[in-house]
Amino acid sequence: MEKNRAFQSAAHEGGFVELNESADGTVLWLRKNAPETASEMHQRMCIDTKTNSVTVYWTTIPGKVNSKTFRDVPALQEWFKCKLETILER
């Protein structure tokens, strides 16, 4: 449970806000508050308490969905940091 709160906190720091939660409370969906670039539209995140993981989904072009799964909070935070650095370099 503590790990899931840490994932949720990292998600908020990364610009995600709650979208909805499953009826049994095992899955929390979040969405990106505002895309950083037009090529990162429709970003969603799923925090899964059963697998203790987070999966981020995004589209780069219409009809193409990409995803990346994280098993620990530091890896998610590092990914956010790398994406931000890439954006700042543009």
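With respect to being over 15 Å from the mean Cα position of the chain (by Cα) and modelled with pLDDT under 85, E2 fits the description.
A search for C-beta distances below 8 Å between a residue of the stretch 4-17 that is under 9 Å from I47 (Cα atoms) and any residue that is in a helix (DSSP H, G or I), counting only pairs 6+ apart in sequence or on different chains, returns F7/V73; F7/L76. Among the residues of the stretch 37-84, those that are of a type in the set (K, R) and modelled with pLDDT under 90 comprise K64, K81, K83. Residues of the stretch 2-23 being of a type in the set (D, E, K, R) and over 17 Å from K50 (Cβ atoms), which ones? Residues satisfying the conditions are E13, E18.
The values are calculated or read from the model by the stated rules, or taken from the named source; none is laboratory data. It should be emphasised that the depicted structure is a prediction, and the values quoted were computed from it without experimental measurement. Glycine also receives a Cβ, built like all others from the backbone with ideal geometry; neighbour counts cover every protein chain displayed.
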